[in-house]
Amino acid sequence: MVRRTKADAEATRSALLDAAEQLFQSRGVSRTSLQDIACAAGTTRGAIYWHFQDKADLFNAMMERATLPMERGFPDPDAPVTDLPDPLQALRSGMRHVLQLIATDERLRRVFEVVSLQVEYNDEMAAVRERHLRVCNHYMGLTQQMMNVAAQRAGLTLPVPVKSAALGLHFVMDGLKRNWLLDPAAFDLVNVGQHTLDTYLRGLGF
């Protein structure tokens, strides 16, 4: 019997995630079975259950692998926002970093396309929906804190509650991403996105 090494196991896990990305994008999540993924990865269905509990667990692992580089563009979640020298600039830089990666990182683009256009939040994917909401709420809270600190330092009274301002920015970013994924040739995501973000922030008085 051949003894599997840690490197072998990691290679199998990566192959499964690669196959899932490709199949979810081309077929949709609900029409892709775990057996389909195992066959595309050149392994067995049992190998999937060695690494993942179910399709939702595999999907979340696929997401986390793709989004980790994106998350590095934002402030350390454990550091207080008040420690940032310029929270507004940190927010702008973080958003531009996200747009830049979506436009240039093939894996991240593929995964966002799956999340935006190819996933159904049915019972099977309940854990995916929960993760999506948890991540959104985390970054919404971080955005709200950065806006609040930036407004306080500038002596600015926002025309809407800061929570509404952060929610509006989320809608702007989500709309940009979804429309660009439908037709990447329609506009320059990074430049148009940056101009749209700056216009939104100026509308708040920043």
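The values are calculated or read from the model by the stated rules, or taken from the named source; none is laboratory data. Since the structure is predicted, the reported quantities are computational estimates derived from the model, not experimental observations. As a convention, Cβ positions derive from the backbone with ideal geometry for all residues, glycine included, and neighbour counts pool all protein chains shown. What goes into the accessible areas is simple: the full protein's heavy atoms, side chains included, and nothing from ligands, DNA or RNA. Shrake-Rupley method; radii C 1.70, N 1.55, O 1.52, S 1.80 Å.
Annotations
- Within the option set L88, L58, being at pLDDT 95 or above and assigned to a helix (DSSP H, G or I) holds for one residue only, L58.
- Condition met for L133 (in a helix (DSSP H, G or I) and in contact (Cβ under 8 Å) with a residue 24 or more places away in the chain): no
- Residue satisfying condition, being farther than 30 Å from R202 by Cα and either open to solvent by 20 Å² or more (accessible area, probe 1.4 Å) or among the acidic types (D, E) (or both), within set A11, A61, A38, A20: A11
- Within segment 102-121, the set of residues being outside any helix (DSSP H, G or I) and either crowded, with 18+ Cβ neighbours inside 10 Å or not charged (D, E, K, R) (or both) comprises V119, Y121.
- Contacts under 9 angstrom Cβ, first residue in segment 101-117 being modelled with pLDDT under 90, partner of a type in the set (D, E) and open to solvent by 40 Å² or more (accessible area, probe 1.4 Å), 6 or more apart: S116/D174
- Test: residue in segment 40-50 that is closer than 20 Å to L108 by Cβ and in a helix (DSSP H, G or I): no
- Counting only residues that are within 21 Å of R110 (Cα to Cα), open to solvent by less than 60 Å² (accessible area, probe 1.4 Å) and not basic (K, R), segment 151-179 holds 5 of them.
- Within segment 42-62, residues that are farther than 19 Å from N122 by Cα reach partners that are of a type in the set (S, T, N, Q) and open to solvent by less than 50 Å² (accessible area, probe 1.4 Å) with beta carbons closer than 7 Å, at six or more positions or on different chains, in the pairs T43/T12; A47/T12.
- Every test in (1) in contact (Cβ under 8 Å) with a residue 60 or more places away in the chain; (2) in a helix (DSSP H, G or I) is passed by V29 save one, and that test is (2).
- Test result for L182, in contact (Cβ under 8 Å) with a residue 12 or more places away in the chain, exposed (fewer than 12 other Cβ atoms within 10 Å of the Cβ) and among the aliphatic types (A, V, I, L, M): yes
- Candidate set: segment 73-101, residues that are under 13 Å from the mean Cα position of the chain (by Cα) and under 17 Å from T143 (Cβ atoms); chosen: the one most open to solvent (accessible area, probe 1.4 Å): H97
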